[in-house]
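Rule-based calculations on the coordinates, nothing more; no lab input. Keep in mind that what you see is a predicted model, and the values were worked out from it rather than measured. Cβ coordinates were reconstructed from backbone atoms using ideal geometry, including for glycine residues, and neighbour counts include every protein chain displayed.
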Amino acid sequence: MSSPAPTQTPSGPWYRGATKNQWRAFAAAYTGWMLDVMDLMIFSFVITYVIAEFNADAGAAGLVASGTLIASAFGGIVFGFLADRIGRTKSMMLSILCYSIGTLLCGFAPNLQMLLVFRIIVGLGVGGEWGAGAALVSETWPARHRGKVMAWVQSAFAAGYALAAIVAAIVIPLGGWRWAFFAGVIPALFAFWVRYNTEEPEIWKKTERVSAKGAVKKLFAEHPKAVFTCLGFTAAASCGYWGLFTWIPSYLASPVADGGQGLDLLKSTTWIILMQVGAAAGFVSFGYISDRIGRRKSFISFFIAAATMVPVFMLVKGDVPVIIFGALMAFVGTGFYSGFGPTFAELFPTEIRAFAQGFIYNTGRAISALAPAMVGFLLIAFGPAVALGSTAVFYLVAAILVFCFLPETRGKALESDSVRPVAVPA
């Protein structure tokens, strides 16, 4: 766990001299992640309609959101192992099909219980896509640009969030909330492009495959400190994000008398799109900053800034100030996600890289499933100011964990403990 000496970054932009295969890997990971997030976030835009139709409350709706995040942990484990075993692109294709079919089924849900079941299917696929995509890009692009490239891929999160807002704004007034889910089947078409147009990384082709038991043993027996350090700050930061941003659309649409902003659907959608501009800027900026000053300092800076910005945002009133501070909050409150992919890739060997990334990222997200439910119940008891403002504590905990335990990995070359080619049975 000693800190490696960072490599010198040559002048010139990260995309100069990139090969066709590197661009295809980038396109696959970026688009898959964007559509992944679109399907995941659609639920945030239909929460109020679901509550009304199924005669539920905010706490019950929060449990549905939490169930999706819990399922993503299992998806990350299963599809992460598959990505190490059968390939990054095949695993990515299967995960995209999974969350697309699950989202389609959500549109047919007859009650809240079945909606929860279908959202669990969505969560399984959502959990699998990130690990495969992160491993694919990390292993295809050079170490000196890894943070920047993964930052641009992570910025697809903002594009997916904005796309979900656009789909909801167009489809819900025309056909109702169920049609927002029906639109979520579109990513299934992209899965086949991924399968037939994206090559596997050379380092993966030359690495010996390990069994499921071997992967678990290698992860926890040989890399325990890295696992629990990464899992700790990932879970804390994810609690901050999901606790806050799951309920932001509902907060914006709630009447001022109830502590909300009282925005109609069009204003709320516009605000969310502009907020995602701030998030995209945060994702990209984090990559450049972390390649310059290191992963640790970047994480700590963003986490502390987010912990400060959340309570400030809850005190802001008026359309223009809300837009400005919302964009700033999204910048620091989501930008740190760009650091997860390269940091995890630099801490674990190739034969378990996707498994480790999928397990840590999605188990952290599953633990954060407590946050939307917690905020939902706090909304009922204390109102939005206290409920949403409480998420700042999670960001602060994440900063402390990184400061105390995370080693610096900037510029570290990716490695494998075994690099001899091996035939894998079909």
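Summary of computed values
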{"item": "Residue in the range 164-219 that is surrounded by the most Cβ atoms within 10 Å (Cβ to Cβ), counting only those that are under 26 Å from Ile273 (Cα atoms) and aromatic (Phe, Trp, Tyr)", "result": "Phe181"}
{"item": "Criterion violated by Ala27 - all others in (1) within 21 Å of Gly160 (Cβ to Cβ); (2) in contact with a helix residue (DSSP H, G or I) (Cβ under 7 Å, 6 or more places away or on another chain) satisfied", "result": "(2)"}
{"item": "Options Phe382, Phe359, Phe405, Phe394: the member that is surrounded by fewer than 18 Cβ atoms within 10 Å (Cβ to Cβ) and touching a helix residue (DSSP H, G or I) at 6+ places or on another chain (Cβ under 6 Å)", "result": "Phe405"}
{"item": "Single condition Gly125 does not satisfy, out of (1) closer than 19 Å to Arg195 by Cβ; (2) surrounded by fewer than 24 Cβ atoms within 10 Å (Cβ to Cβ); (3) of a type outside the set (Lys, Arg)", "result": "(2)"}
{"item": "Qualifying residue in the range 324-342 (condition: surrounded by 19 or more Cβ atoms within 10 Å (Cβ to Cβ), hydroxyl-bearing (Ser, Thr, Tyr) and farther than 19 Å from Leu244 by Cβ)", "result": "no"}
{"item": "Selection count, the range 94-119, where residues are in a helix (DSSP H, G or I), over 19 Å from Gly341 (Cα atoms) and out of contact with any Ser or Thr (no Cβ under 7 Å at 6 or more places or on another chain)", "result": "18"}
